[in-house]
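The next block holds one structure in the form of structure tokens; read it before the comments.
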Amino acid sequence: MKSLFALVDCNNFYASCERLFRPDLEKKPIVVLSNNDGCVIARSDEAKALGIKMGAPMFLVEDLLKKEGVHIFSSNYELYGDLSFRVTETLRQFTPRVEVYSIDESFLDLSSFFFLNLKVYGQQIKNTVMQNIGLPVSVGISHTKTLAKLANRLSKKSEKAGGVLVLTEERHIDAALKITAVEDVWGVGRQYAKFFQAAGIYTAYDLKQAKDAWILKHGTVVMLRTVHELRGISCLDLELLPPDKKGICTSRSFGKPVTTLDALQEATANYAARCAKKLRKQKSCAKVLRVFVTTNKHADTLQYANSKEIVLPTASNSSLELIKYATKALNEIYKEGYLYKKSGVIATEIVPEKNIQFNLLDTTDHFKHHNLMEAIDEITQKLGKDAVKIARQGTNGKKDWHLRKAYQSPCYTTRLDQILTINI
DNA sequence: TCTGGGGTCCTAGGACCC
DNA sequence: TCTGGGGTCCTAGGACCC
């Protein structure tokens with residue numbers, strides 16, 4: 001039986017999420033900015049039509065945005081994460097085999113659905129998500145993930161497809177490959193695209209024709225898989241359960257340059273607490289922490305970047321422990337006299353919570369920590385993530401290191417006060 | 001004179017993704 | 001003034017071992 005995948009992708013996801021609660025912005029240009037309002041990371045169709053590029057730095061396009069009356073939003077991941085979850089739950093009605101690939105994309109395994117009219121099924125998926133959640137999606141269906149991606153991309157471009165494209169027949173697949181530039185193939189990035197073009201490979205169809213030995217000579221097994229997938233040979237299976245992360249990183253650029261150790265400590269403590277929370281979520285602990293700081297590479301100021309790794313006596317996911325060791329590491333690399341732009345905490349050597357090797361010389365009461373963290377997680381789950389904090393994380397007052405979010409929308413779906421506001 | 005041929009582990013760096 | 005933040009996997013090269 002030939003494999004069959006659907007890729008369901010939310011159109012202009014972040015922009016669509018913002019528009020969902022602002023019906024007055026229908027047909028209006030919208031952009032969503034990255035953390036710190038640094039650059040554009042999502043655009044509505046109308047904003048794309050104005051020539052605003054993905055990743056454009058805000059300071060370069062701000063004038064254009066204002067002149068054109070574009071509606072600007074700082075990113076609101078709490079809102080997007082919640083809507084993403086709702087979309088995924090809706091998709092599970094169509095098959096139990098769903099891989100949540102990213103915040104706005106899911107792969108569905110339709111291998112046992114070959115008897116269905118796939119075009120109709122795809123349209124049902126699209127219509128149901130619109131009806132239940134109010135977000136527009138596109139659906140691409142084909143024999144491999146790479147081809148489903150390609151079908152999805154073309155479904156948005158073709159009037160006739162109307163957001164649903166099925167590529168199961170060889171001649172349709174080849175026609176699609178011929179109108180897809182090689183750099184638009186999933187798995188072909190900038191470097192490979194440049195190399196392929198120099199070798200006379202311009203389209204996905206050209207890449208499909210390349211010889212295996214040639215691909216291996218100039219690329220890796222990863223690229224060979226991509227080429228096989230273009231030929232309809234499925235090499236990438238569905239991942240139903242996300243594998244536990246091997247490294248967990250929390251880092252941010254600061255809203256304003258930070259100079260004092262105190263402010264850096266507060267920021268770093270928050271990132272360490274975030275890492276601890278992510279670890280607890282996947283029921284694992286980290287043995288090693290790395291803390292890094294850096295000044296602003298783009299600024300014409302004195303530069304400094306450094307990092308320090310600390311091995312914990314016992315692998316941990318306690319916010320208290322991670323904050324303690326992160327602070328220790330930070331103190332060792334902090335130097336006075338610099339304008340710091342960013343810091344971060346990376347947790348590695350991650351092991352399941354269940355099989356921690358206890359260290360006889362370690363006097364920390366891990367059982368107590370575990371219970372405390374459970375209590376904190378329960379409270380923050382109910383009352384919001386700022387309801388309880390470790391003292392080192394600081395209070396909620398405006399701090400230099402806090403992200404800049406000049407255009408933030410409310411957390412419409414996850415904050416009690418917001419939900420009440422809507423109902424009144 | 002001649003300087004093997006497997007392994008493993010680790011790290012840095014590069015490629016890709018959203 | 002001002003350019004995001006999180007990941008994954010693979011490869012090459014060095015150290016070390018027998």
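A compact table of results
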quantity: Unique residue being more than 21 Å from A:TYR101 (Cβ to Cβ), in the same structural domain as A:PHE107 (by TED's automatic domain parsing) and either of a type in the set (S, T, N, Q) or modelled with pLDDT under 95 (or both) when the list is A:GLY162, A:GLY134; calculated: A:GLY162
quantity: Selected residue (criterion: nearest to A:MET130 (Cα to Cα)) from residues of region A:61-118 that are within 14 Å of DNA strand B (Cβ to nearest atom) and in contact with a Cys (Cβ under 6 Å, 6 or more places away or on another chain); calculated: A:ASP104
quantity: All positions within region A:235-265 that are of a type outside the set (A, V, I, L, M, F, W, C), over 24 Å from A:ILE350 (Cβ atoms) and within 25 Å of the chain's Cα centre (by Cα); calculated: A:SER253, A:GLY255, A:LYS256
quantity: Count - residues of region A:259-280 that are more than 11 Å from DNA strand C (Cβ to nearest atom) and in contact with a helix residue (DSSP H, G or I) (Cβ under 8 Å, 6 or more places away or on another chain); calculated: 10
quantity: In region A:200-257, residue nearest to DNA strand C (Cβ to nearest atom) [restricted to those that are more than 30 Å from A:LEU403 (Cα to Cα) and of a type in the set (Gly, Ala, Ser)]; calculated: A:GLY219
quantity: Any chance A:LEU20 is more than 10 Å from DNA strand C (Cβ to nearest atom) and more than 27 Å from A:LEU150 (Cβ to Cβ); calculated: yes
quantity: Within region A:226-246, tally of residues that are more than 14 Å from DNA strand B (Cβ to nearest atom) and β-branched (Val, Ile, Thr); calculated: 1
quantity: Helices (runs of 4 or more DSSP H) contained in region A:37-150 and holding at least 3 residues charged (D, E, K, R) and within 16 Å of DNA strand C (Cβ to nearest atom); calculated: A:58-67
quantity: Region A:196-221 - residue that is touching a residue at least 24 places away in the same chain (Cβ under 8 Å) and of a type outside the set (Gly, Ala, Ser) and, of those, nearest to DNA strand B (Cβ to nearest atom); calculated: A:LEU207
quantity: Strands (runs of 3 or more DSSP E) (entirely within region A:281-391) containing at least 2 residues that are buried (at least 18 other Cβ atoms within 10 Å of the Cβ) and within 16 Å of DNA strand C (Cβ to nearest atom); calculated: A:284-295, A:340-352
quantity: Residue under evaluation A:LYS354, criteria (1) free of Cβ contacts under 8 Å to residues at least 24 places away in the same chain; (2) over 21 Å from A:ARG392 (Cβ atoms); (3) of a type in the set (Lys, Arg), criterion not met; calculated: (1)
quantity: Cross-chain or 6+ apart pairs with Cβ under 9 Å, region A:175-191 first and at pLDDT 95 or above, then more than 8 Å from DNA strand B (Cβ to nearest atom) and assigned to a loop (DSSP other than H, G, I, E, B); calculated: A:ALA181/A:TYR202; A:VAL182/A:ILE201; A:VAL182/A:TYR202
quantity: Selected residue (criterion: nearest to A:TYR412 (Cα to Cα)) from residues of region A:1-17 that are within 16 Å of DNA strand C (Cβ to nearest atom) and part of a helix (DSSP H, G or I); calculated: A:CYS17
quantity: Residue in region A:251-275 that is nearest to DNA strand B (Cβ to nearest atom), counting only those that are within 14 Å of A:LEU339 (Cβ to Cβ) and assigned to a strand (DSSP E or B); calculated: A:SER253
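The values are calculated or read from the model by the stated rules, or taken from the named source; none is laboratory data. Small disclaimer: the values here were computed from a predicted structure and weren't measured. Neighbour counts are summed over all protein chains in view; Cβ atoms, including those assigned to glycine, are modelled from backbone coordinates with ideal geometry.
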